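Enquirer: Take this structure first; my questions come after.
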Amino acid sequence: MVMRTAELAVKWLGLETTERLVEIGKFFVYVGDVLNQSVRKPMRTSLVFQQLEFIGNQSLNIILITGFFTGAVFGLQIGGIFQIFKAEGLMGAATAKALTRELAPLMTGFLISGRVGSSMTAELATMRVSEQIDAMEAMGVDPVNYLVVPRFLASLAMIPLLCVVFIFIGIIGAYMTGVGIFRVDVGIFIEKMTQIVNMTDIWNGLQKAAIFAVLISLIACHYGLRASGGAKGVGIATTNSVVVSLLAILCCDVVITYVQVKF
Amino acid sequence: MIEFKHVRKAFGRRVVLDDLDLVIPPGKITFIIGKSGEGKSVTIKNLMGLMHPDAGQIIVDGEDITRLDEEKLQVYRRKFGMLFQNAALFDSMSVGENVIFPLREHTRLPLPAMLERVEEVLTMVGLPGIQHKFPTELSTGEKKRVGLARALVTKPKFILYDEPTTGMDPLVSEMIDGLIVQVNRDVPGVSSIVISHDLKAALATAENIVMLYHGRVTLAGSPKDFRESKDPVVRQFFSGSVEGPMEFL
Ligand SMILES: Nc1ncnc2c1ncn2[C@@H]1O[C@H](COP(=O)(O)OP(=O)(O)OP(=O)(O)O)[C@@H](O)[C@H]1O
Ligand SMILES: [Mg+2]
């Protein structure tokens, strides 16, 4: 009896793992397909622009608000510490460094996967469960080409741009606290900042943002395309997509940061 | 000419098509009937390469389509126009954009010619001049008719209808059955394949009927063959009775 149960359990686990592996394999095949189709014709320029507008439009306000407050709050915290050493002048530089290298890409990634990733998944999942994607395939149009590639390309272009906006507005936030609360001299604030933050930092931040863009759009569209089971299925797909893309962003962030710091 | 040879399709343990052999003659209206969940939609999804059979061949115009890769399948699918069970219009697009979609994707017609063709098919289904409306503004019957217009717009060789009249009021049902006949008559060389569980409509409209039961063909033939059949499953389907070999869930 115990043997039998154990046997069944092993079988079931085996099946689970095989299925998982198959799922992961499918995801990579899909990723290959998207990448391949992104560089191939037909280029659907108007759809890409539609998505650029959608991503930018949906996210600009939230990026501006979050960026400003992140910069301001970080500036306050850092300024408080630096004040002990009479080094408030450096708070702008420290905040800007943190923003460009880490805070801006990470927060942008989180915000976008919540706002844009979720609605991409919901849209594609709705199309899937209402047979619209089947209809598209039946008309000989590849949904990856028509739906995924424009979203992927637009994310790749727009998310780093939003990250830059985040950095910029975050620095303004830090500037306000620095000059307003810690009475830092404007000249010193800017001088220290330009001294400490260099092009490598900005480049590293943008690399992160671009990689997060890839993750967000690919994961969101993948979950959307593979949804099933009516309105409930759309909900499940959306939740899963956001959770997985947040985890993926965090994991990749560690790896990218390690690579950037070490090499 | 469409031929299924020993086609098998299962989802997990549930075997939906079991060694299915099926012939659909060209140029005719063929009804595929069977009770709900019997695998009718699965049959045509396999036919269009939207699903792949676990075993067997599907031969269309002499070509085994189960061997085609995704790229070739996309070209192959242009032979078909399909009306989905719930019309499956793109709800982010207007009616006009929906109907023009396959033309845009697959033809190089100049825009005015495309627009003219769109108007032509919309008139054919009795809905001229509704290009600007959105699918959410349409009734179910209107959606179906727009879906049919979209299926017809590229002049496909095969037209597939997945339960075109299910859930329609009798007048709309009759109109759509009429449209099926009209399209099959007016468009030269076209074959119509209709999925249905409405045996009465099949008897009235079809030239050829295939009945699916337990993943196989119970009977294939003309409406006359069906009227005269002594097969208990066919008789039960006729009478709509709960008594008989066919079990209900
Ligand atoms: N993608 C799928 N995954 C798992 N099972 C499926 C899938 N598609 C269909 N099935 C199963 O296959 C069987 C046949 O489904 P199908 O949609 O072909 O029925 P049908 O004959 O078209 O019925 P209806 O008249 O209700 O439309 C059902 O039991 C269904 O649960
Ligand atoms: Mg069906």
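The values are calculated or read from the model by the stated rules, or taken from the named source; none is laboratory data. Quantities reported herein were computed from a predicted structural model and do not represent experimental measurements. As a convention, Cβ positions derive from the backbone with ideal geometry for all residues, glycine included, and neighbour counts pool all protein chains shown.
Enquirer: Yes or no: the stretch B:13-25 includes at least one residue that is among the hydrophobic types (A, V, I, L, M, F, W, C), within 15 Å of ligand 2 (Cβ to nearest atom) and away from chain A (no Cβ under 14 Å).
Expert: Yes, that holds for at least one residue.
Enquirer: Here is a list: B:ILE33, B:ILE59. Which entry is away from chain A (no Cβ under 14 Å), modelled with pLDDT of 90 or more and within 16 Å of ligand 1 (Cβ to nearest atom)?
Expert: The unique qualifying residue is B:ILE33.
Enquirer: Mind checking whether some residue in the stretch A:45-62 is among the small types (Gly, Ala, Ser), assigned by TED's automatic domain parsing to the domain that holds A:ASP185, touching a helix residue (DSSP H, G or I) at 6+ places or on another chain (Cβ under 7 Å) and crowded, with 21+ Cβ neighbours inside 10 Å?
Expert: So far as the stretch A:45-62 goes, yes, one or more of its residues are among the small types (Gly, Ala, Ser), assigned by TED's automatic domain parsing to the domain that holds A:ASP185, touching a helix residue (DSSP H, G or I) at 6+ places or on another chain (Cβ under 7 Å) and crowded, with 21+ Cβ neighbours inside 10 Å.
Enquirer: Take the conditions more than 16 Å from ligand 1 (Cβ to nearest atom), under 24 Å from B:VAL153 (Cβ atoms) and assigned to a strand (DSSP E or B) and apply them to B:GLY27. Does it pass? First the steps, then the outcome.
Expert: Working: more than 16 Å from ligand 1 (Cβ to nearest atom): yes; under 24 Å from B:VAL153 (Cβ atoms): yes; assigned to a strand (DSSP E or B): no.
No, not satisfied.
Enquirer: Then there is this: Counting just the residues of the stretch B:41-56 that are under 13 Å from B:VAL7 (Cα atoms) and within 16 Å of ligand 2 (Cβ to nearest atom), which one comes out nearest to the other protein chains (Cβ to nearest Cβ)?
Expert: Among those that are under 13 Å from B:VAL7 (Cα atoms) and within 16 Å of ligand 2 (Cβ to nearest atom), it is B:LYS45.
Enquirer: Next question, about the same structure. Output the residue which, of all residues in the stretch B:154-202 that are touching a Pro at 6+ places or on another chain (Cβ under 6 Å) and of a type outside the set (A, V, I, L, M, F, W, C), is nearest to ligand 2 (Cβ to nearest atom).
Expert: Selected residue: B:SER191.
Enquirer: Oh, and also: For the stretch B:62-92, name all the residues that are more than 10 Å from chain A (Cβ to nearest Cβ) and either surrounded by 17 or more Cβ atoms within 10 Å (Cβ to Cβ) or touching a helix residue (DSSP H, G or I) at 6+ places or on another chain (Cβ under 9 Å) (or both).
Expert: B:GLU63, B:ILE65, B:THR66, B:LEU68, B:LYS72
Enquirer: Give A:SER38, A:SER118 a once-over and let me know the one that is more than 14 Å from every other protein chain (Cβ to nearest Cβ), over 15 Å from A:TYR175 (Cβ atoms) and modelled with pLDDT under 95. Working first, answer last.
Expert: Details: A:SER118 fails: modelled with pLDDT under 95.
Checking each option against the conditions leaves just A:SER38.
Enquirer: Do we have A:ALA210 as at pLDDT below 95 and of a type outside the set (Ser, Thr, Tyr) here? Please lay out each step first, then the result.
Expert: Values: at pLDDT below 95: no; of a type outside the set (Ser, Thr, Tyr): yes.
No: the conditions fail for A:ALA210.
This table checks each residue for (1) farther than 30 Å from B:GLU105 by Cα; (2) within 14 Å of chain B (Cβ to nearest Cβ); (3) part of a helix (DSSP H, G or I).
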position: A:GLY114; (1), (2), (3): yes, no, yes
position: A:MET127; (1), (2), (3): no, yes, yes
position: A:VAL149; (1), (2), (3): no, no, yes
position: A:PRO160; (1), (2), (3): yes, no, yes
position: A:ILE169; (1), (2), (3): yes, no, yes
position: A:ILE172; (1), (2), (3): yes, no, yes
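Enquirer: Which number in (1) within 16 Å of ligand 2 (Cβ to nearest atom); (2) of a type in the set (Gly, Ala, Ser); (3) part of a helix (DSSP H, G or I) marks the one condition that B:ALA88 misses?
Expert: Every listed condition holds for B:ALA88 apart from (3).
Enquirer: Look through the stretch B:62-88, keep the residues that are aliphatic (A, V, I, L, M) and free of Cβ contacts under 8 Å to residues at least 60 places away in the same chain, and return whichever of them is nearest to ligand 1 (Cβ to nearest atom). Full working, then the answer.
Expert: Residues of the stretch B:62-88 that are aliphatic (A, V, I, L, M), as a first pass: B:65, B:68, B:73, B:75, B:82-83, B:87-88.
If we keep only those that are free of Cβ contacts under 8 Å to residues at least 60 places away in the same chain too, we end up with B:65, B:68, B:73, B:75, B:88.
Values: B:ILE65: 18, B:LEU68: 20, B:LEU73: 18, B:VAL75: 24, B:ALA88: 14 Å.
Top of the filtered list is B:ALA88.
Enquirer: Same structure again: So, of the residues in the stretch B:142-166 that are over 12 Å from B:SER196 (Cβ atoms) and within 16 Å of ligand 1 (Cβ to nearest atom), which turns out to be surrounded by the most Cβ atoms within 10 Å (Cβ to Cβ)?
Expert: B:LYS144
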